[in-house]
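The values are calculated or read from the model by the stated rules, or taken from the named source; none is laboratory data. Being a predicted model, the structure only gives us computed values, none of them experimental. Note: ideal-geometry Cβ built from the backbone for every residue, glycine included; neighbour counts use all protein chains shown. Note: areas computed on protein heavy atoms with side chains; ligands, DNA, RNA excluded. Shrake-Rupley method; radii C 1.70, N 1.55, O 1.52, S 1.80 Å.
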Amino acid sequence: MLVYLDNNATTMVDPEVFAQMEPFFVKNYGNPNSLHSFGSATHPALRKAMDQLYEGFNASNEDDMVVTSCATESTNWVIKGIYFDHILNKNKNHIITSSVEHPATIMSCKFLETLGVRVTYLPVNKDGIVELDSLKNAIDDKTALVSIMWANNETGMIFPIKELAQIAHENGALFHTDAVQAVGKISVDVQDADVDFMSFSAHKFHGPKGVGGLYIKKDHRVTSLLHGGEHMGGLRSGTLNVAGIVGMGKALEMANSYMDFEKSEVRRLRDKLEDALLQIANVFVVGSRQNRVPNTILASIRGVEGEAMLWDLNKQGIAASTGSACASETLESNPVLEAIGADKELAHTAVRFSLSRFTTEKEIDFAIDITTKAIKRLRDISSSFSYAPSWHKSRL
Ligand SMILES: Cc1ncc(COP(=O)(O)O)c(C=O)c1O
């Protein structure tokens, strides 16, 4: 049996999404910008997909929804765009983000630091969440942008985006959120949250890879980084990825229609796996369930090195992760666990399980059986682990 429990890294394209995309590879392959019928044949589907994006995020018709190649591009664009629009040659020179953002945010901020921008990386509390007071204390009249994720990719913890955006606005700063891990798991309503910019990526909600987007609130501008053929209203040049856009629109529509299922059935299976893991001594899970997206578990397993666990599980047909998929080859300790104050040893033992609406009860039962045995086996051969109950939950 092969069980995929790494849906925060990427998801399977829903077959219904794929069916909508398929005609745009071999049959309707025209360039939408061409004046002939091959080009115009793509227009109705593109229009529908854009409507699905606006509706799916409850954006207003006056807002911009710009399709990009992925959330990494969207986030790089907005952070570097803010530099050109609000920092370079202006009075403001400060950006605030959190210490547990995806590398797309952290590395964009680090790059701006080399250009002289002041960046504050807010700490998170024991639950892995940025506290409102910490933003209130860091923000000042020089802050151009606050960029904080909607949900964390490793812990699944949900951030208080509406309240954080409000604090940013009260202090004259713009607010961007990386909503990659929130879309499809919890309601993402740009008007309700009142965000100025939002990044998303289709492959995290059963859409295709290589397509994402940046939501830009009306009357806001972000200097283009990709100049060329004036696609997307001149905001982001590059021939449109027709199949990708069609797939992303359909995937978002489906993700929203599965939201109740996500909150009930996916959560039930996640909780079943989590309960079974917590039965094992010295296994801890980060963050309260109430404040976590329904599909994610970040478990810390004392005495079991995260990478060893991953290889062991993989050999037996279970795909999990030690943290961010993009960084897993570095074999470093889990930076999110370090940020929430876990000691170095605990931070090395993190394993992430992330489910999807395609995960079945049979798969979870199999995962429980295999994981329980793997933990015992790896602890038995570990020279440093002792079953003595000296490690206490409060150390997390
Ligand atoms: C929270 C978060 N932001 C951004 C990204 C980047 O997404 P993409 O690789 O599709 O650009 C990821 C992917 O893991 C993510 O989890």
Answer yes or no: is there a residue in the stretch 242-262 that is within 16 Å of the ligand (Cβ to nearest atom) and out of contact with any helix residue (DSSP H, G or I) (no Cβ under 6 Å at 6 or more places or on another chain).
yes
For the stretch 231-282, what are the residues that are touching a strand residue (DSSP E or B) at 6+ places or on another chain (Cβ under 9 Å), farther than 22 Å from LYS27 by Cβ, buried (at least 19 other Cβ atoms within 10 Å of the Cβ) and aliphatic (A, V, I, L, M)?
MET232, LEU235, LEU252, ALA255, LEU273, LEU277
Which ranges mark the strands (runs of 3 or more DSSP E) fully within the stretch 212-323 that have 1 or more residues being polar (S, T, N, Q)?
296-301
Could you check, for the stretch 165-177, whether at least one of its residues is on the phi > 0 side of the Ramachandran plot, open to solvent by 10 Å² or more (accessible area, probe 1.4 Å) and not hydrophobic (A, V, I, L, M, F, W, C)?
yes
For the stretch 99-110, state whether one or more residues are of a type in the set (A, V, I, L, M), surrounded by 15 or more Cβ atoms within 10 Å (Cβ to Cβ) and in a loop (DSSP other than H, G, I, E, B).
yes
Which one is farthest from THR223 (Cα to Cα), of the residues in the stretch 63-73 that are within 15 Å of the ligand (Cβ to nearest atom) and among the aliphatic types (A, V, I, L, M)?
ALA71
Which residue, of ASN28, ASN76, ASN33, is open to solvent by 20 Å² or more (accessible area, probe 1.4 Å), in contact (Cβ under 8 Å) with a residue 40 or more places away in the chain and within 16 Å of the ligand (Cβ to nearest atom)?
ASN76
Residue hits (the stretch 79-98; within 14 Å of the ligand (Cβ to nearest atom) and either in a helix (DSSP H, G or I) or open to solvent by 40 Å² or more (accessible area, probe 1.4 Å) (or both)) are ILE79
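Give, as residue ranges, the helices (runs of 4 or more DSSP H) completely inside the stretch 125-204 that count at least 2 residues that are within 16 Å of the ligand (Cβ to nearest atom).
Numbers: elements: 132-138, 161-170, 190-193.
It comes to 161-170.
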How do the pairs read when you match residues in the stretch 193-215 that are touching a residue at least 40 places away in the same chain (Cβ under 8 Å) with residues anywhere that are of a type in the set (Lys, Arg) and within 11 Å of the ligand (Cβ to nearest atom), using Cβ under 8 Å and keeping only pairs 6 or more apart or on different chains?
ALA202/LYS209; HIS203/LYS209
The conditions are (1) touching a Ser or Thr at 6+ places or on another chain (Cβ under 9 Å); (2) buried (at least 20 other Cβ atoms within 10 Å of the Cβ); (3) of a type in the set (A, V, I, L, M), and VAL117 fails exactly one of them. Which is it?
(1)
Any residue in the stretch 237-250 that is in contact (Cβ under 8 Å) with a residue 24 or more places away in the chain and of a type in the set (D, E, K, R)?
yes
Expected single match for surrounded by fewer than 17 Cβ atoms within 10 Å (Cβ to Cβ) and farther than 20 Å from SER237 by Cβ among ALA19, ALA45, ALA9 is ALA19
Give all pairs with beta carbons closer than 6 Å in which a residue from the stretch 216-236 that is of a type in the set (Val, Ile, Thr) meets a residue that is outside any loop (DSSP other than H, G, I, E, B) and open to solvent by 50 Å² or more (accessible area, probe 1.4 Å); count only pairs at least 6 apart in sequence or on separate chains.
ILE216/ASP64; THR223/PHE84
Mind checking which residues of the stretch 33-62 are hydroxyl-bearing (Ser, Thr, Tyr), touching a helix residue (DSSP H, G or I) at 6+ places or on another chain (Cβ under 7 Å) and under 17 Å from LEU214 (Cα atoms)?
SER60
